[in-house]
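Enquirer: Can you read through this structure? Questions will come right after.
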Amino acid sequence: MDPTTNGNHSPPPPPLPLPRTQIWKYDVYLSFRGEDVRKTFVSHLHEALTVARIHAFNDDVDVQVGREISMDFMFKAIEESRISIVVFSENYATSRWCLDELVKILDCMKTRGQLVLPLFFNVHPSDVRKQEGIFRHAFERYNRCGEFEDHQKRWRRALKEAANLAGLDLHNNADGYEAKLIKKVVKEVQFFLARNNMMALEEEEAKLKEEEQTHQEKMEDLQKQMEAINLQAEALCLRRANLVARRSSLEEMKRQFGSDDMKIIQ
């Protein structure tokens with residue numbers, strides 16, 4: 001999301017390295033141009049997600065008061081989200097912050113298997129894909145200013161890749177009704193999370209079944225060992241009983257013959 005509408009103008013630092021362990025802190029990350037949709041569409045979308053018990057990152061809530069919003073903080077939030085929803089609006093491409101976010105989001109899609117859901121809010125997908133219309137104007141401005149030449153290729157590639165993903169269009173999928181589009185988005189997110197949770201459950205069940213099988217095999221091995229030990233114990237008992245019987249017999253013979261007779265025998 002574009003924090004410039006909150007009064008922050010920090011230049012974005014290089015991307016943070018990906019963490020070794022994958023931890024999902026958020027269900028959804030919303031990338032959007034604040035001046036276009038923050039107080040309207042995105043506000044209503046975030047509320048609908050919250051009502052549906054879907055944890056969406058919100059820079060108004062998840063950022064501590066007084067803390068400056070930096071790109072590394074936003075990148076970390078993207079990495080910790082299972083889904084990224086990109087709201088393409090008229091001025092999305094005029095924000096280099098939004099474009100850097102988009103590059104990061106697509107990187108996480110490729111390296112972490114995250115879902116990316118593009119929403120086309122009053123913009124045509126082909127304009128995003130080909131950088132035509134209002135998106136062409138944004139890049140023309142970058143060219144006139146001679147800024148971010150090394151970034152532009154990455155930005156253009158990211159816009160093309162994102163526009164080629166299956167997404168939702170305000171007019172084609174919701175007849176221009178924002179409320180209808182929001183319902184569709186919530187449904188898509190719920191379906192993905194349910195499927196993701198089911199897959200995680202099946203993986204956990206498979207792992208548990210494997211551990212139970214290993215435990216059963218260990219128990220069977222222990223049982224065999226115990227049977228062998230019991231057989232050894234029985235053999236020792238028989239030997240002990242035999243020795244006792246022999247000693248008893250010798251003692252009896254000693255009593256019968258007397259000590260003098262035993263000396264002669266010796």
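Taken together, the values in this text are just the output of simple stated rules run on the coordinates, not laboratory data. This is a predicted model, so every value here is computed, not measured. Backbone-built Cβ (ideal geometry, glycine too); neighbour counts: all protein chains shown.
Enquirer: Hey, with R₀ at 35 Å, roughly what FRET efficiency would K25 and A179 work out to, going by the Cβ-Cβ distance, to 0.05?
Expert: 0.75
Enquirer: What shape does segment 117-266 have by the C-alpha gyration tensor, where a ≥ b ≥ c are the square roots of the eigenvalues, rounded means a/c under 1.5, and otherwise prolate means a/b greater than b/c and oblate the rest?
Expert: Because a/c hits 1.5 or more and a/b exceeds b/c, segment 117-266 counts as prolate.
Enquirer: May I pose another question? Give me the one-decimal nm value for the distance between modelled label points at T50 and E210, 7 Å along each residue's Cα-to-Cβ direction.
Expert: That separation, rounded to one decimal, is 4.1 nm.
Enquirer: Please find the FRET efficiency linking H151 to Q223, where r is the Cβ-Cβ separation and R0 is fixed at 51 Å, and quote it to the nearest 0.05.
Expert: E between H151 and Q223, to the nearest 0.05, is 0.15.
Enquirer: Quick one: 3J(HN,Hα) in Hz for segment 100-116, Karplus 6.51/-1.76/1.60 with θ = phi - 60°, rounded, Gly and Pro as x.
Expert: Listing the rounded values in order: 5, 4, 4, 4, 5, 4, 5, 5, 5, 4, 7, 9, 10, x, 6, 8, 10 Hz.
Enquirer: Further, regarding this structure: Quick one: of K130/K160; K187/K207; K104/K183, which pairs are farther than 18 Å apart, Cα to Cα?
Expert: K187/K207; K104/K183
Enquirer: Continuing with this model, one more query. Treating the beta-carbon of each Lys and Arg as +1 and of each Asp and Glu as -1, no other charges, what is the dipole magnitude of segment 99-159 about its Cα centre, to the nearest 20 debye? Before the final figure, lay out the partial values.
Expert: Numbers: 12 positive and 9 negative charges, 45 e Å.
My answer is approximately 220 debye.
Enquirer: If each residue of separation counts as 0.36 nm, what is the full-extension length gain between A166 and R240 once their alpha-carbon separation is subtracted?
Expert: In short, 18.5 nm is gained.
Enquirer: Taking square-rooted eigenvalues a ≥ b ≥ c of the alpha carbon gyration tensor, is segment 150-219 rounded, prolate or oblate, where a/c under 1.5 means rounded and, failing that, a/b exceeding b/c means prolate? Present the calculation step by step, with values, prior to reporting the outcome.
Expert: Details: a/c = 6.39, a/b = 1.99, b/c = 3.22.
Since a/c reaches 1.5 but b/c is at least a/b, the shape of segment 150-219 is classed as oblate.
Enquirer: Among the lysines, which fall within straight-line cross-link reach of K184, defined as a Cα-Cα distance under 21 Å, with same-chain neighbours fewer than 8 residues apart omitted?
Expert: K184 reaches K39.
Enquirer: Along the charge dipole of segment 142-266, Cβ charges K/R +1 and D/E -1, which of V189, Y177, Y142 sits furthest on the positive end?
Expert: Y142
Enquirer: Between segment 166-199 and segment 67-126, what's the alpha-carbon centroid distance in Å?
Expert: Rounded to whole Å, the Cα centres lie 17 Å apart.
Enquirer: Once you have a ≥ b ≥ c as the square roots of the Cα gyration tensor eigenvalues for segment 68-206, tell me rounded if a/c is under 1.5, and otherwise prolate or oblate according to whether a/b is larger than b/c.
Expert: It is oblate, given that a/c is not under 1.5 and a/b is not larger than b/c.
Enquirer: Hey, another quick one. Based on the mean of other Cβ atoms within 10 Å per residue, sort peptides 73-80, 165-172, 245-252 so the most packed one is first.
Expert: 73-80, 165-172, 245-252
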